[in-house]
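I have placed the structure first, in the form of structure tokens, so that the comments after it can refer back to it.
The values are calculated or read from the model by the stated rules, or taken from the named source; none is laboratory data. Since this is a predicted model, take the numbers as computed values, not measurements. Here Cβ is always computed from backbone atoms with ideal geometry, including for glycine, and neighbour counts include all displayed protein chains. Ligands, DNA and RNA are stripped out before the accessible areas are found, and what is left, the full protein with its side chains, is counted by its heavy atoms. Shrake-Rupley method; radii C 1.70, N 1.55, O 1.52, S 1.80 Å.
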Amino acid sequence: MRRCLLLLTILSLLVMAPPAGATAPPSDGGPLTVSGGVFRDSAGREVVLRGFNVSGEAKLAENHGLPFATTADAQVSAAAMRRLGGANAVRFLVTWAWVEPSPGQIDRDYLGRVAEQITAFTGQGIRVYLDFHQDLYSRYLFNPGSWYTGDGAPAWVVRAGGYPAESCGLCFHWGQNMKNNKAVTGAVYDFWHNRQVTTAAGPIRIRDEFLFQAGETMRYLKDTLPQEAFDLIVGADPLNEPYAGRYDSGQDGVSWERDLLWPFYQQFRARMDSSGWAAKPALVEPLVFWNQNVDFFAEPGGLTGVSTLGDRYVFNTHFYDGKAQSGILKPGKANDGEYSADFGKIRDRATALSTAAIVSEFGHPVEGYTSDKAPSVLKAMYQSLDSRLNGASWWAQAAMSGHVLSGSQWHWDIYYNRHHELMNDNPDKVKTDGDAMNDEHFSAVRMDGPNAVATVDARLFDRVFPQAVAGNTLAFTYEDRVVQAWNQIPASMPAVRRLAGTGQYAVLVWRSGGSAPTELHLPASFTPSRTTVVSDLGSVVGIPAYTGSEPVAYASDSGGSRLLLSTSGSGVHFALVAADGTEAPSAALAELRSWASTLWPSSTLG
């Protein structure tokens, strides 16, 4: 079947060709920078990155540590991701074990396939940030009959370390190995303390060797990728989900971050600079347990012992609802504002560190135990990416909504439920179901014949979001209508209520700056001819195609439709976008203007 995927990719691109009249230039394809606590493109617009991790497949051996078996599969995934979710960014996994299979020997054939698969995404206009991934340090720590497995360090590093036989004891989740498995904790501790070990090629220091292969990976990609593809590389995540292994006497998470993790990030930053990545940020993660919502697993962290990160780094964190996954600690579903405080904490840490934030992993099991919670959990997570407010208070307190956070859902695996992974190289333990990794079931998609289809309600991830704002976002909300409506338009705005009706809608408020248009991704459920926009820039029932002068228009590309809002001069602007609005917008416009002028009274409304 895979042999026909390249042809299907070409056909899908033809099907998604822009309609006549929608001739707006493509969204900015230049490099991103960090400024004022947000990502910005070359036009100075505030950019929000949304998409997926590609993918858990890279943790497995079946496709030699690559997210996709072939470049054709990567191309099919990139096209489907644009079509199904409007993604504009992916977190792309690579693994030390496959980069450096022997001491000092970089596998450039592997890196060549990595480069080819990256260009499958950049060719669709999707930005990429590299992730040097690990879980439980390495698959080579685990015996063939183990209940668990890992990924990360090469076999030769593990052999040189001489670690004890692994055992997690009485563990109910693979993550408990991070604290309970002495082989894992010992190996991770040695990494952070840069232990010297003897290999067949001579002595090496473990952390130094990791930094060497990371630098070689980035140098190879800089030298190999076409310039237009390299421009779409956002930056690099130095190491997935860092933790201490075990603490030294008197040490805790805060001092460990300050004394070991932060110096490592500075060393990684230096490798980026010497490898041609000086203009790109390092997307650095705090101690993985810093925002764990299961209290007995949480530890202090969040890079609170670091004074500032600045524009050459991004505060990069993960969030999972461990209580919801347990099925015991949170027996019910997620509710409106469930994660507002958790994601507000992320925003606050990024602000304190003088940089932007990104949530590079979030998600929930889509199959099996507790998967019934997935719609509400995912809705609540995306809600908290969009705003620090819950739906019930958004309209009254929108001036406190905050920046829209970038995020990458875990994960996009087109091999979901059709793997062939020999767990820990054991031919008697062939894993085929789910993600084929520690009994996880997180993929947002699966294949149905030649087509990628969603494993959850696609409205959860195919969302309106402000992918490029000319100026600064002041407030944003989106009601996807999955589970139930959490964003309640107040009774004092009856015309807005009638216009939004029972359909999906979004509201953006921004302070304008620059000449490029503000762009919002329109999901598949927003047909331009049936979509109503109510804005101080102009109101329309049925969005016209862009021809070069319209203040409110749409353009289409492989990611579906983009709403373009063009402004001139400075001032505060607002736009409500309703999927099925049919009522004349004049009364709703008056209500929105009054609402905005109340919340931003000192600003000049457009």
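Does TRP600 meet the test of being touching a strand residue (DSSP E or B) at 6+ places or on another chain (Cβ under 6 Å), closer than 20 Å to TRP395 by Cα and open to solvent by less than 60 Å² (accessible area, probe 1.4 Å)? So TRP600 passes the test. Cβ-Cβ distances below 6 Å connect the following pairs, each with a first residue in segment 387-400 that is touching a residue at least 60 places away in the same chain (Cβ under 8 Å) and farther than 19 Å from ARG463 by Cβ, a second residue that is in a helix (DSSP H, G or I) and open to solvent by less than 80 Å² (accessible area, probe 1.4 Å), and a separation of six or more residues or different chains: ALA399/LEU599.
Among all positions in segment 437-447, there is at least one residue which is farther than 23 Å from ASN240 by Cα, surrounded by 17 or more Cβ atoms within 10 Å (Cβ to Cβ) and hydrophobic (A, V, I, L, M, F, W, C).
Evaluated against (1) closer than 30 Å to ARG481 by Cβ; (2) assigned to a loop (DSSP other than H, G, I, E, B); (3) open to solvent by less than 20 Å² (accessible area, probe 1.4 Å), LEU309 falls short on exactly one condition, (1).
Consider segment 302-345. How many of its residues are among the hydrophobic types (A, V, I, L, M, F, W, C), within 23 Å of PRO375 (Cα to Cα) and touching a Ser or Thr at 6+ places or on another chain (Cβ under 6 Å)?
2
Quick one: in segment 528-565, which of the residues that are touching a residue at least 40 places away in the same chain (Cβ under 8 Å), over 24 Å from ALA590 (Cα atoms) and more than 31 Å from the chain's Cα centre (by Cα) is most open to solvent (accessible area, probe 1.4 Å)? Step by step, filter segment 528-565, then rank; the result is THR547.
The strands (runs of 3 or more DSSP E) found wholly in segment 194-290 and carrying at least 2 residues that are open to solvent by 40 Å² or more (accessible area, probe 1.4 Å) and in contact with a strand residue (DSSP E or B) (Cβ under 7 Å, 6 or more places away or on another chain) occupy 202-205. Of the residues contained in segment 146-163, one or more are found to be assigned to a strand (DSSP E or B) and either open to solvent by less than 20 Å² (accessible area, probe 1.4 Å) or touching a Gly at 6+ places or on another chain (Cβ under 6 Å) (or both).
Contact annotation: residue pairs with Cβ atoms under 8 Å, 6 or more positions apart or on different chains, pairing a residue in segment 49-61 that is in a strand (DSSP E or B) with a partner that is of a type in the set (Asp, Glu), are ASN53/ASP131; ASN53/GLU361.
Among residues of segment 31-89 being over 21 Å from HIS441 (Cα atoms) and acidic (Asp, Glu), the one that is surrounded by the most Cβ atoms within 10 Å (Cβ to Cβ) is GLU46.
Checking the structure you have, find out if any residue of segment 504-517 is outside any strand (DSSP E or B), open to solvent by less than 10 Å² (accessible area, probe 1.4 Å) and at pLDDT 95 or above.
No, there is no match, as no residue in segment 504-517 is outside any strand (DSSP E or B), open to solvent by less than 10 Å² (accessible area, probe 1.4 Å) and at pLDDT 95 or above.
Being part of a helix (DSSP H, G or I), out of contact with any His (no Cβ under 7 Å at 6 or more places or on another chain) and in contact (Cβ under 8 Å) with a residue 60 or more places away in the chain is a description that does not apply to ARG113. Scanning segment 481-496 for any residue that is at pLDDT 95 or above, open to solvent by less than 30 Å² (accessible area, probe 1.4 Å) and under 30 Å from GLN75 (Cβ atoms) turns up at least one such residue.
Just the residues that are closer than 10 Å to GLN383 by Cβ and in contact (Cβ under 8 Å) with a residue 60 or more places away in the chain, please, taken from segment 324-336. ASP336, the sole residue that qualifies.
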